[in-house]
Amino acid sequence: MKRIKIFDTTLRDGEQSPGCSMNLSEKIEMARQLEKLGVDIIEAGFAIASPMDHKSVQSIAAAVNNCTVASLARCTRGDIDAAWDAVKEAKHPRIHVFLATSDIHMEYKLQMTREQVLSRISEMVAYAKSLCEDIEFSAEDASRSDWAFLARCYSNAVAAGATTLNVPDTVGYSTPQEMGELITYLRANVTGIENVDISVHCHNDLGMAVANSLACIKAGATQVECTVNGIGERAGNASLEELVMALHTRPGYYEAETGINTRQIYRSSKLLSNITGVPIPPSKAIVGANAFAHESGIHQHGVLANALTYEIMNSADVGVPQNTMVLGKHSGKHALRDKLISMGYELDDQELEAVFTRFKVMADKKKNITRKDIEALVLHRRNVTIGSCRLMSHVVNTGAGVPNTSFIRLQREEDVLEDVAIGSGPLDASFKAINRMLGVDVRLDSFSLNAVTDGEDAIGEAVVKLSTPEGETYTGTGLSTDIIESSIRAYVNGINKMMEANA
């Protein structure tokens, strides 16, 4: 079985997806989950992009022990120096340099000739190699490049010290057959390619990122670049969970395997969705709510007789156990801990105490606590930082023909803050009261509300997108059986992120 390396770029390419930005603590939490998932390489960011990006890469490099940590860099000394400075303390550092090689990019973006591009690759890969042993070179827009010229570019990169050659389908233009043929051509025409890893980075503009990546594996690629939930620029990247489970489910066809702990897939997917506030579509392969659901009577009958009739994967293999243990208001902390362990969550005593406190509040409101309820509580736990606000109570008055008013009480460290406001609706009034008492100037760009669980007493998850006059955006999430409360909590959560970022 050929071993395929998983290069996860959720924290770099994935975060570039509109609405998917993360703060430092969220990036570190996600990186640690990726380590539990078992990815080989974490691309932590683009260090030169901003001081915060540099700090994020540096912090992830310090937090991760078992994965290679990479930073992206253009083929310039400044980029490479910044990348090396950010990853040099990692247990396994990598510098990932790139330069476009397609005629359209060279002419209109780089304004460089082919000979200049070849010279720049040799010079900058060699410079990166002088700093770091592990160097990956990507030929941006490789799938639209002249193949003979592309082979020369990669040959130069290998000669200069590259240890991984990445072949990106940057704009998602290619097809599985074309990508497979390109890998075959490069294996035959790049000098020294037998001594390096061949990687692919496929985008999903035509919905073929996963298919293209799998075709490359069949043709000889040894590394795939992907993101959790397939997030990324435009239509996204190849989906990690789909790639991994395709190899896991069809080992006889692909003759390849990964080092991924598949039972951590669902948890990784849900964590990312919770951090970014971007819901997972119900029909999303592997991790969607309907991925292992059956409504058709014919399907139900078949699955009850033998799950293999309609299920090609066991839900437990991706971390979705079918556990029927019932928890309620009379359950204790030990029962909750056992339940969490069975679901794959290991919390320390402080985290467990916070979740248990919220669990008891929920149990007083709900007759039956489901697995989804508990999962939502765990994913929505928030570390309270200095200066953070906490919703203590709220009272709203709303109706037709009467003023919509909201009274909000917040706690900020030792201080209790109160205010009341009138608005066009209960949420508008609530948000105005919060803005006034905290003295903040933020705008609500978008708001959504989803039922996390089922039934009349379902938990509502509110997601808000806030922006400042300077153009900074923040995502806030809130959870409650009361949709007004969940909305207020989401707004406070978003403002807490803003205040933490500007502290």
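In the set Val97, Val87, only one residue is open to solvent by less than 10 Å² (accessible area, probe 1.4 Å), within 16 Å of Lys129 (Cβ to Cβ) and touching a Phe, Trp or Tyr at 6+ places or on another chain (Cβ under 8 Å); that residue is Val97.
Taking residues in the range 81-102 that are at positive phi and in a helix (DSSP H, G or I), and partners anywhere that are of a type outside the set (Phe, Trp, Tyr) and modelled with pLDDT of 95 or more, not one pair has Cβ atoms closer than 7 Å while being at least 6 places apart or on different chains.
Here Ala44 fulfils each of the conditions (1) within 30 Å of Gly252 (Cα to Cα); (2) surrounded by 24 or more Cβ atoms within 10 Å (Cβ to Cβ); (3) aliphatic (A, V, I, L, M) apart from (1). Looking only at residues of the range 22-36 that are open to solvent by less than 20 Å² (accessible area, probe 1.4 Å) and in contact with a strand residue (DSSP E or B) (Cβ under 8 Å, 6 or more places away or on another chain), we find that the one that is nearest to Lys5 (Cα to Cα) is Leu34. Taking the numbered list (1) modelled with pLDDT of 95 or more; (2) surrounded by fewer than 20 Cβ atoms within 10 Å (Cβ to Cβ) in turn, Gly19 passes all entries but (1).
Only one of the numbered conditions (1) in contact with a helix residue (DSSP H, G or I) (Cβ under 7 Å, 6 or more places away or on another chain); (2) open to solvent by 20 Å² or more (accessible area, probe 1.4 Å) is not met by Ala421, and that is (2). Looking at the range 346-354, is at least one residue assigned to a helix (DSSP H, G or I), closer than 17 Å to Ser480 by Cβ and at pLDDT 80 or above? Yes, because at least one residue in the range 346-354 is assigned to a helix (DSSP H, G or I), closer than 17 Å to Ser480 by Cβ and at pLDDT 80 or above. Checked against (1) more than 22 Å from the chain's Cα centre (by Cα); (2) modelled with pLDDT of 85 or more, Tyr310 meets all criteria but (2). The condition of being surrounded by 16 or more Cβ atoms within 10 Å (Cβ to Cβ) and at pLDDT below 90 holds for only one of Ala462, Ala376, Ala451, Ala433, that being Ala376. Take the range 145-181 and flag every residue that is farther than 20 Å from Ile121 by Cα and surrounded by 20 or more Cβ atoms within 10 Å (Cβ to Cβ). Of everything in the range 145-181, those that are farther than 20 Å from Ile121 by Cα and surrounded by 20 or more Cβ atoms within 10 Å (Cβ to Cβ) turn out to be Gly172, Ser174, Met179, Gly180. Of all residues in the range 230-280, those that are within 15 Å of Lys218 (Cα to Cα) and among the basic types (Lys, Arg) total 1.
Residue count for the range 249-282, restricted to those that are in a loop (DSSP other than H, G, I, E, B) and either under 15 Å from Asn450 (Cβ atoms) or within 12 Å of the chain's Cα centre (by Cα) (or both): 6. The helices (runs of 4 or more DSSP H) found wholly in the range 125-230 and carrying at least 3 residues that are touching a strand residue (DSSP E or B) at 6+ places or on another chain (Cβ under 9 Å) and within 19 Å of Asp40 (Cβ to Cβ) occupy 209-219.
Picking from residues in the range 388-404 that are in a strand (DSSP E or B) and surrounded by fewer than 18 Cβ atoms within 10 Å (Cβ to Cβ), the one that is nearest to the chain's Cα centre (by Cα) is Arg390.
Summed over the range 476-503, residues that are among the polar types (S, T, N, Q) and over 25 Å from Arg371 (Cα atoms) total 2.
Suppose the filter is among the acidic types (Asp, Glu), within 23 Å of Glu35 (Cβ to Cβ) and open to solvent by 10 Å² or more (accessible area, probe 1.4 Å); does Glu255 pass it? No. Out of the range 204-229, which residues are open to solvent by 10 Å² or more (accessible area, probe 1.4 Å) and without any contact (Cβ under 8 Å) to a residue 40 or more places away in the chain? Correct list: Asn204, Asp205, Leu206, Gly207, Met208, Val210, Ala211, Ala215, Lys218, Gly220. Within the range 231-248, the residues that satisfy the criterion of being open to solvent by less than 20 Å² (accessible area, probe 1.4 Å) and part of a loop (DSSP other than H, G, I, E, B) are Gly232, Gly236, Ala238.
Filtered by the rule that a residue be open to solvent by 10 Å² or more (accessible area, probe 1.4 Å) and more than 25 Å from the chain's Cα centre (by Cα), the range 127-144 gives Tyr127, Lys129, Ser130, Leu131, Glu133, Ser143, Arg144. Mind checking whether some residue in the range 431-439 is touching a Gly at 6+ places or on another chain (Cβ under 7 Å), in a helix (DSSP H, G or I) and of a type in the set (S, T, N, Q)? No, the range 431-439 has no match at all. Which residue pairs have Cβ atoms closer than 6 Å, lie 6 or more positions apart in sequence or on different chains, and pair a first residue in the range 335-349 that is within 22 Å of Val318 (Cβ to Cβ) with a second residue that is assigned to a helix (DSSP H, G or I)? Every condition considered, the pairs that remain are Gly344/Arg267; Tyr345/Val378.
The values are calculated or read from the model by the stated rules, or taken from the named source; none is laboratory data. Treat the numbers as computed from the prediction; the structure is a model and nothing was measured. Because the Cβ atoms are built from the backbone with ideal geometry, glycine has one as well, and the counts that use them run over all protein chains shown. For accessibility, only protein heavy atoms count, side chains too; no ligands or nucleic acids. Shrake-Rupley method; radii C 1.70, N 1.55, O 1.52, S 1.80 Å.
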